[in-house]
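What follows draws every value from the coordinates through simple rules; no lab data is involved. Computed from a prediction, not measured in an experiment: that's the story for all the values here. Positions of Cβ are generated from backbone atoms using ideal geometry, with glycine treated the same way; all protein chains shown enter the neighbour counts.
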Amino acid sequence: MIRKICLFLLLSCISWAALSDDAGANRQKWLNMSLYGGDNDAAALKSVSIRKDGGNFKINVSNQFNFECDLSFSENGDPAALSNCKSRDKPSPVCNPDMPNSVCAVSRGCFRQPDEKNPSCFQSWLVKEQEVPLVCSSTKKERVCKGEYTLATMDGYSSSEEFTIARQKD
């Protein structure tokens, strides 16, 4: 009986170690290969980069909204979730600053002075969800991970969008 338990535990450990090695190799592919993707279906796929940040990982989707997010990996080494996503682009004016007498500028009280500092006169792109789970799948040539999220601005705009992160298979 003890021999069977020891053998079972040894085989379990060997299987777990092999799975762990495979997961580590898969994660290394995501960290070392050229990646591409997007932050919505309307934009063309662009460069995606992952970097180490302390003990964590950051991912930058250099696409239309230029989001940078925290990245976690699954047990099999694939990207599992994006969190704390923020646009790396500076906020843009909600009205044309060169037209301080426009209906927009007058109704919002914006750009009445040349060096506007009022935060409500600018907008940034946001991801509403704190965490965006990713679902990964394979095609003949690619490993692709996708996650749905809500794109929003501070003035109430929102729409359903999808992150895509992909790499070529080796």
Tail beyond 13 Å, pair distance distribution of the stretch 86-128 (Cα, percent): 51 percent
Normalised contact order of the chain, rounded percent, pairs of Cα under 8 Å and 6 or more residues apart: 19 percent
Which label in (i) 9, 30, 23, 17, 11, 5, 2, 1, 0; (ii) 10, 39, 34, 15, 2, 0; (iii) 9, 36, 29, 17, 7, 1, 0 gives the computed P(r) over Cα pairs in 10 Å bins from 0, in percent: (i)
Amide H contacts under 5 Å for residue 123, placed H, 5+ residues apart: 92, 94
Exposed-site-free run, longest, the chain (rule: trypsin sites (Lys or Arg not before Pro); DSSP loop; at most 10 other C-beta within 10 Å): 1-116
Selected from 94, 57, 44, residue furthest toward positive end of dipole (the chain; charges at beta carbon): 57
Nearest-ten-degree value, helix 2-32 long axis tilted from longest Cα axis of the chain: 30 degrees
Neighbour-limited loop hits for chymotrypsin sites (Phe, Trp or Tyr not before Pro), the stretch 77-163 (at most 15 other Cβ within 10 Å; DSSP other than H, G, I, E, B): 157
When each of 58/90; 90/117; 46/169; 29/90 is checked by Cα-Cα distance, pairs over 22 Å: 29/90
Virtual spin-label span in nm between residue 66 and residue 41, 7 Å along Cα→Cβ: 2.7 nm
FRET efficiency for residue 58 and residue 137, using Cβ-Cβ distance with R0 set to 22 Å, rounded to 0.05: 0.40
Estimated FRET transfer efficiency when R0 is 45 angstrom, pair residue 84-residue 112 (beta carbons, to 0.05): 0.85
At R0 = 22 Å, FRET efficiency that the Cβ-Cβ distance of residue 29 and residue 162 yields, to 0.05: 0.50
Where labels lie 7 Å past Cα in the beta-carbon direction, separation of residue 96 and residue 155 in nm: 1.4 nm
